1. Against the definition (out of contact with any Asp or Glu (no Cβ under 7 Å at 6 or more places or on another chain) and either under 23 Å from residue 132 (Cα atoms) or not in a loop (DSSP other than H, G, I, E, B) (or both)), how does residue 112 come out, yes or no?
2. Of everything in the range 57-88, what is among the hydrophobic types (A, V, I, L, M, F, W, C) and in contact with a Leu (Cβ under 8 Å, 6 or more places away or on another chain)? Give them in sequence order.
3. Taking only pairs six or more apart or across chains, which ones have beta-carbon atoms under 6 Å, a first residue in the range 138-158 that is over 15 Å from residue 99 (Cα atoms), and a second residue that is assigned to a loop (DSSP other than H, G, I, E, B) and within 12 Å of the ligand (Cβ to nearest atom)?
4. If you go through the range 133-149 one residue at a time, how many are away from the ligand (no atom under 16 Å from the Cβ) and among the hydrophobic types (A, V, I, L, M, F, W, C)?
5. Among 56, 44, which is the only one that is under 21 Å from the mean Cα position of the chain (by Cα) and over 22 Å from residue 161 (Cβ atoms)?
6. Quick check on residue 92: is it over 17 Å from the mean Cα position of the chain (by Cα), of a type outside the set (A, V, I, L, M, F, W, C), assigned by TED's automatic domain parsing to the domain that holds residue 183 and surrounded by 15 or more Cβ atoms within 10 Å (Cβ to Cβ)?
7. Hey, any hits in the range 60-67 for a residue that's part of a helix (DSSP H, G or I) and not charged (D, E, K, R)?
Amino acid sequence: MRERGLIILNKEFDEKWLPLMQEGGFNKLGLHSLYQYGGMEWHINWLLKEQTRALIDKFEEAGIAVEQELHSVDWLLPRSLYSSYPQWFRMNEKGERVGDWNFCVSNEEALEYIEISAYKYAMLVRQTSHNYFLWSDDKRNMLCRCEKCRHLNGADQNMRIMKSILRGLKRYDAKAKLSFLAYDDSMMLPTEKPDKDMFLEFAPIGRNHLKPLNCDDEKNQANREMLLKLLKIFPAESARVLEYFLDVSLFSNWEREKAGALPYDDARVRKDLEFYRSAGIERTATFAVFMDEEWRKQFGTDDLMQCGRAMREI
Ligand SMILES: [Zn+2]
């Protein structure tokens, strides 16, 4: 794989990751936030700390691209605006406007607000990479069901959000490229054409993680077919796969105190990488959230190194 990434939790980012990434041959680091640790608001303040910037510089000087991979809508359109502008927010199944997650993607003012916030984000963060990953909210079944939105599937609603975000990013960085995340609600086929500067990011969280993607498991078959259809819409050259091979958080239901050993199976991971490769994909990353120093002391780094080797060899 040309791009071999690890996505870790912001507060677990430290210098010790540099030799580990080098030994594993990883060349991209994604920094991720979780709502339970302050979400994107915390993440931005943390990114603006001098120590964080210095640490990112160290990784970039060593040839590792550092990017931010964030669920962003609740920051781009703060929920506190709901009381003043309820029509900007989504309509639930009962026909009520609710200020919980995402928003009404048919509301032009809300879309414009998102665009300006994306511009503000880019100005604040001033990242080196032109790749941006500002995803919709990390909650399932959070689409807008208003009269204007209800015919739009999850991918189409995501497309409208991402087009606004990309317009905002481009005001700061004309070369900005934005992830179109296929995940949960947006794991569908968009009917609207993507912008040329959007790339597919395929994150099959609903797959069977214990069996190869290319097997007769029903979920894996559905995910596989979806990827192949998405690759008829998005070019494979720029597409990325975001996997869960090393995601301690997924396997502990995002509860750090429950974090245990990973069910890592190198043969299965290699089969998955071979499948992705056969589909023309050259960029893969895996979450490695909760693989912090304490976890590594307990469970070691064999899984990490094996995964890095598989990504290098396939
Ligand atoms: Zn709507």
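1. Against the criterion (out of contact with any Asp or Glu (no Cβ under 7 Å at 6 or more places or on another chain) and either under 23 Å from residue 132 (Cα atoms) or not in a loop (DSSP other than H, G, I, E, B) (or both)), residue 112 qualifies.
2. Hits for the range 57-88 are 59, 62, 64, 65, 66, 70, 76, 88.
3. Close Cβ pairs satisfying both conditions: 148/106; 149/105; 149/106; 154/143; 157/105; 157/143.
4. Of the residues in the range 133-149, 3 are away from the ligand (no atom under 16 Å from the Cβ) and among the hydrophobic types (A, V, I, L, M, F, W, C).
5. Only one candidate qualifies: 56.
6. yes
7. no
Results for (1) β-branched (Val, Ile, Thr); (2) surrounded by 14 or more Cβ atoms within 10 Å (Cβ to Cβ); (3) touching a residue at least 40 places away in the same chain (Cβ under 8 Å), shown as yes or no for each residue.
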residue	(1), (2), (3)
4	no, yes, yes
7	yes, yes, yes
14	no, no, yes
39	no, yes, no
44	yes, yes, yes
65	no, yes, yes
84	no, no, no
88	no, yes, no
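The values are calculated or read from the model by the stated rules, or taken from the named source; none is laboratory data. Small disclaimer: the values here were computed from a predicted structure and weren't measured. Note: ideal-geometry Cβ built from the backbone for every residue, glycine included; neighbour counts use all protein chains shown. In case anyone asks, the SASA skips ligands and DNA or RNA and just uses the protein heavy atoms, side chains included. Shrake-Rupley method; radii C 1.70, N 1.55, O 1.52, S 1.80 Å.
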